[in-house]
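For reference, the structure discussed in these notes is given below.
The values are calculated or read from the model by the stated rules, or taken from the named source; none is laboratory data. Just so you know, these numbers come straight off a predicted model, no measurement behind them. Neighbour counts run over all protein chains shown; Cβ positions are idealised from the backbone, glycine included.
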């Protein structure tokens, strides 16, 4: 029969002999920094590239109307926004988390982040669709004008497609994301309740 | 205190805490490493308002807790007799017995709830209750009751397991 003090003695005898040494940890820190720097540079380059691409597009094709150019710009903004909301948002939020808080405060902070994420994603998707729709409609205007029948047909098909995405894909995507985030929040709340 | 000294003093303790939480050696090592990367990055923001140990334990326990965001593995840590043996260096029979006992201990801790695992690990590290209250954010009164209960549960489970 062992009592708690025996257990404590046993616990303190655990020694992991293969832990990396301090120098290796510092090496990891440097690696992480370099990676972060590369990522930031990469993101900046991507953004610059996109703007150059827009400029070249406008210059090369010499579109007659301003609607076409604005259409292209809005569409590209929507796409960039989509990429950011989908992949970077969570990391951005988590990077701000303060690990030196007490456990209960930290968990509450995580819940707040998840709620923010939920709000931004829902609004983000809606905004994404609105920008994309306006962008496409404006973009097509110049070409549709040239031939009325062709224009009406193209608009009808495009708008039907957009409507389908708005009422089906958008709702489904939001529901799926909400489900994931809600599960996360539930898990964190369960931990908080244990305390 | 220099980083290297901090690391030498606290890394075995932090490893045990993480091991108590995840009961998986490689995972615990990763978490220990993650903790000290954070410690290094935040060291200049540390203002002696608490003991450095408390501060590091707070970071480590939060890193453990946030594993719930990263994987569903966390929800099904179960006691398994087939759990891989720890590659502690075994020199003789006595040491072998010790290794087995340590394994049993970690298995028993793994049966507790996540937050209980953290609390008991801090108790096993001999941290004063006041500090544990500061790390977890629970009131001291509440904590005292909890610690008493967890100690009892763990001792019972450990002795039950030893009988098998």
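Some observations on this one:
- Complete set of residues in the range B:149-164 that are free of Cβ contacts under 8 Å to residues at least 24 places away in the same chain and either part of a helix (DSSP H, G or I) or within 10 Å of chain A (Cβ to nearest Cβ) (or both): B:149, B:152, B:155, B:156, B:159, B:160, B:163
- Unique residue being within 14 Å of chain B (Cβ to nearest Cβ) and either surrounded by 12 or more Cβ atoms within 10 Å (Cβ to Cβ) or out of contact with any helix residue (DSSP H, G or I) (no Cβ under 8 Å at 6 or more places or on another chain) (or both) when the list is A:77, A:25, A:52, A:73: A:25
- Only one of A:130, A:134 that is more than 11 Å from every other protein chain (Cβ to nearest Cβ) and either touching a helix residue (DSSP H, G or I) at 6+ places or on another chain (Cβ under 7 Å) or not in a helix (DSSP H, G or I) (or both): A:134
- Residue check, residue B:107 assigned to a helix (DSSP H, G or I) and closer than 20 Å to residue B:18 by Cα: yes
- Total residues in the range B:41-59, condition at pLDDT 90 or above and facing chain A (nearest Cβ under 9 Å): 3
- Complete set of residues in the range B:30-40 that are free of Cβ contacts under 8 Å to residues at least 12 places away in the same chain and at the interface with another protein chain (Cβ under 8 Å from one of its Cβ atoms): B:33, B:37
- Pairs meeting the criteria (first residue in the range A:1-19 and within 12 Å of residue B:11 (Cα to Cα) and within 7 Å of chain B (Cβ to nearest Cβ), second residue exposed (fewer than 12 other Cβ atoms within 10 Å of the Cβ) and modelled with pLDDT under 85, beta carbons under 8 Å, at least 6 apart or on different chains) are A:17/B:89.
- Residue B:69 being modelled with pLDDT under 90 and at the interface with chain A (Cβ under 7 Å from one of its Cβ atoms): yes
- Residue A:45 being within 14 Å of chain B (Cβ to nearest Cβ) and farther than 30 Å from residue B:159 by Cβ: no
- Subset of the range A:59-86 [within 24 Å of residue A:173 (Cα to Cα) and either under 18 Å from the mean Cα position of the chain (by Cα) or modelled with pLDDT under 85 (or both)]: A:75, A:76, A:77, A:78, A:79, A:80, A:81, A:82, A:83, A:84, A:85, A:86
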